[in-house]
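> There's a structure below that I have some questions on.
The values are calculated or read from the model by the stated rules, or taken from the named source; none is laboratory data. All values derive from a computational prediction rather than experimental measurement. Counting neighbours? That spans all protein chains shown, and the Cβs are built from the backbone with ideal geometry, glycine included.
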Amino acid sequence: MEEKVQGSYTADNIQVLEGLDPVRKRPGMYIGSTDERGLHHLIVEVVDNAVDEALAGYCDTCTVEIARDGSVSITDNGRGIPVDKKKIVKNGKAVEVSAVEVVMTHLHAGGKFGGGGYNVSGGLHGVGVTVVNALSEWLEVEVSRGGKIHRQRFNRGVPMKDLAVIGKTNITGTKVSFMPDSDIFETVDFNFDTIRTRLREVAYLNKGFNVNLIDNREGREKNESFRFDNGILDFVEYLNRNKEALFPQALYIEKKTSDNEVEIAMQYNDGYNENIYAYANNINTEEGGTHLEGFRNTLTKIINDYAHKNGLMKDSERLSGEDVREGLTAIISVKLKNPQFEGQTKTKLGNSEMRGIVGKALSDGLGTYLEENPQIAKELVMKTITAANAREAARSARENTRRKGVLEGSTLPGKLADCSDRDPSNTEIYIVEGDSAGGTAKQGRDRRFQAILPLRGKILNVQKARLNRILENAEIRAMITAFGCGIGEDFDESKLRYDKIICMTDADVDGSHIRILLLTFFYNFMRPLIEKGHVYSAMPPLYKISKGKRPPEYAYSDAELATKLDEIGRKGAEVQRYKGLGEMSKEQLWETTMSPEHRTLIRITMDDAFEADEIFTTLMGDQPELRRKFIEENAKMIATKDLDV
Ligand code: 0RA
């Protein structure tokens, strides 16, 4: 029911009616995209409101529940959205509606009406629950506040009725339930794991905050709860869980003022990667910003100062930022009143004061820690000096290899059987596992355009070695020389000697492992090769099926073997299982795996390579069980993937 307002009203209690049509017309502008990512963003938007309430000190629990019908509800125990009446102009008329309705139907009205706390308003965030309402087939909001339960329902952002009281209560809070609009989203099927990852992050970033996730969908029933009393300290220990830590416990620094809050957690491990995540108001600032700069600059300064002051390093020497961050896992989380988000994806913090605030917090916290723990401090400095020396060694190793022409490809490796065509756009190189398969491939190939490079055994895991060792590795040097395009900063696609780089490994677990190691190397040192689509995986068959006089058939999986046997009849059929490529005759290898006419090649995407790299960087550590499982999965994935030639 719309009530007419009598008499005059002042400008400041009139809100301009901004219909929700723009949101439905250009959803991407408000939630980034209408794919799975955008869909899950709807939940994030509502959860952020609950986190806001938590930051303001009014809320400690948030529950996300997926209903049987696929809709989602997010419940919090915050103050509840205000329910008092507001004067607005609606369809050209001055009317009074509840604050709930204003929040739900007016863009930018979601902001708190005054009051303290930090406002989450970065990037795509902060558009709030209004956008969720606009993009939902239906949305229902239930507010417990002032002793009463209130409810209102909307269809595609349009209120069905006014806010109504439906009962009594002695708690406060908000429950928002919604069904995403399938006219807008490519998919409306929520993924438990995607939500889980984000909720876990929220729980880590807000210590003591309880987050529950419940899936009630038929056959997918599941639930999980997160609460981390040590917040980002627990986060860092989680990230380092498979590594050998240098500090017995992660270092935690916290500094609060009335205007802002800085938290830092850090722990070194025995690896070589830098793993630093920076957040501002719970938003992952992927593009970095002033808080990250403050952290980095100060870290370099503190460690150099300590090393000089304690005679661990000559005054003339200096550790670089990279040296002091080698093997460092850290989280920097800042909360501030008016965050400025900049950059391409609005995930770069711009508030210049945060540089000094984070720097000061770190120098106080880490400074004290180093003074109080001289043994650890010394170990840490020695580690960074080792890193500096290794970096220097790598630089000269690179200089050397360059001088010797290895990186330029002037002296080709002895094991390479090159092709005769010199036009790179026509040629391809097969990276083959082992000398035996290499031999067959050399005999079976078309030497005009196909080159063969056999590698001995497993190649080096580049995630577990420093650059100088990587460059000393014979197999890696052979690849660098054969490809001719250099590595890292020196990479030059125009010098690439082959159009296709084809990993031809056995169709077993070891073969998968080697392929992943190769991808990890390409991803880290020759990434444009993958980005430009030069890297492929060959598909050798697993089985040969012979029967009578008919030409042999090949199967690439157990499932395919079964289907083929059904087709041709099992009786009299003979099945040979290939244990390795080396077991095939050169004719068979050509026919099944190398001839452009018959073979199947799988182009490796950045996603594949990223996944491989990710596994070696963070997931596997030294857990053989996990590694085995992953490799088996990967073998399956490659075998079942849509194939394109
Ligand atoms: C506007 C003002 C206040 C709280 C909220 C909105 C609010 C919104 C949502 C959305 C989901 N959960 C929420 N909880 C709170 C401040 C209320 C006050 O000052 O009492």
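> On the basis of being farther than 29 Å from ARG220 by Cβ and away from the ligand (no atom under 12 Å from the Cβ), does LYS93 make the cut? Walk me through it before giving the result.
Working: farther than 29 Å from ARG220 by Cβ: yes; away from the ligand (no atom under 12 Å from the Cβ): yes.
It is true that LYS93 is farther than 29 Å from ARG220 by Cβ and away from the ligand (no atom under 12 Å from the Cβ).
> Right, next: If only one of ASP229, ASP181, ASP259 is among the charged types (D, E, K, R) and either over 30 Å from LYS86 (Cβ atoms) or free of Cβ contacts under 8 Å to residues at least 40 places away in the same chain (or both), which one is it?
Sole residue among the options that is among the charged types (D, E, K, R) and either over 30 Å from LYS86 (Cβ atoms) or free of Cβ contacts under 8 Å to residues at least 40 places away in the same chain (or both): ASP229.
> From the residues in the stretch 339-369 that are among the hydroxyl-bearing types (Ser, Thr, Tyr) and farther than 16 Å from LEU251 by Cβ, which one is modelled with the highest pLDDT?
Ranking the qualifying residues of the stretch 339-369, first place goes to SER352.
> Which residue pairs have Cβ atoms under 7 Å apart, sit 6 or more places apart or on different chains, and have a first residue in the stretch 37-56 that is closer than 17 Å to TYR204 by Cβ and a second that is among the acidic types (Asp, Glu)?
Partner pairs satisfying both residue conditions: ALA50/ASP76; ALA54/ASP60.
> Taking the stretch 96-116 as the search range and keeping residues that are at pLDDT below 50, surrounded by fewer than 21 Cβ atoms within 10 Å (Cβ to Cβ) and not charged (D, E, K, R), which one is farthest from the ligand (Cβ to nearest atom)?
Applying the first criterion (at pLDDT below 50) to the stretch 96-116 yields 110-116.
Now restrict to residues that are surrounded by fewer than 21 Cβ atoms within 10 Å (Cβ to Cβ): 111-116.
With not charged (D, E, K, R) added as a condition, the list becomes 111, 113-116.
Details: GLY111: 7, PHE113: 6, GLY114: 8, GLY115: 5, GLY116: 9 Å.
Checked the stretch 96-116; the qualifying residue farthest from the ligand (Cβ to nearest atom) is GLY116.
> Looking at (1) of a type in the set (Ser, Thr, Tyr); (2) more than 20 Å from the chain's Cα centre (by Cα); (3) crowded, with 20+ Cβ neighbours inside 10 Å; (4) more than 28 Å from ALA390 (Cα to Cα), which one does TYR279 not meet, given that it meets all the others?
(2) is the only condition that TYR279 fails.
> I want to confirm something. Restricting to the stretch 48-64 and keeping residues that are modelled with pLDDT of 95 or more and under 28 Å from GLU218 (Cβ atoms), which single residue is nearest to the ligand (Cβ to nearest atom)?
CYS62
> Search the stretch 65-89 for residues being out of contact with any helix residue (DSSP H, G or I) (no Cβ under 7 Å at 6 or more places or on another chain) and modelled with pLDDT under 95, and hand back the single one that is surrounded by the fewest Cβ atoms within 10 Å (Cβ to Cβ).
VAL89
> Quick one: LEU124 ticks every box in (1) buried (at least 18 other Cβ atoms within 10 Å of the Cβ); (2) at pLDDT 90 or above; (3) more than 14 Å from the ligand (Cβ to nearest atom); (4) of a type outside the set (Gly, Ala, Ser) bar one, so which box is it?
Tallying (1) buried (at least 18 other Cβ atoms within 10 Å of the Cβ); (2) at pLDDT 90 or above; (3) more than 14 Å from the ligand (Cβ to nearest atom); (4) of a type outside the set (Gly, Ala, Ser), LEU124 fails exactly one: (2).
> When the stretch 592-613 is examined, which residues are found to be charged (D, E, K, R) and in contact (Cβ under 8 Å) with a residue 24 or more places away in the chain? Spell out the reasoning first.
Here is the first cut: in the stretch 592-613, the residues charged (D, E, K, R) are 597, 599, 603, 607-608, 611, 613.
Answer for the stretch 592-613, where residues must be charged (D, E, K, R) and in contact (Cβ under 8 Å) with a residue 24 or more places away in the chain: ARG599, ARG603, ASP608, ASP613.
> Does SER546 satisfy the criteria of being modelled with pLDDT of 90 or more and within 27 Å of ASP418 (Cβ to Cβ)? Steps first, answer last, please.
Numbers: modelled with pLDDT of 90 or more: yes; within 27 Å of ASP418 (Cβ to Cβ): no.
For SER546, the condition - modelled with pLDDT of 90 or more and within 27 Å of ASP418 (Cβ to Cβ) - is not met.
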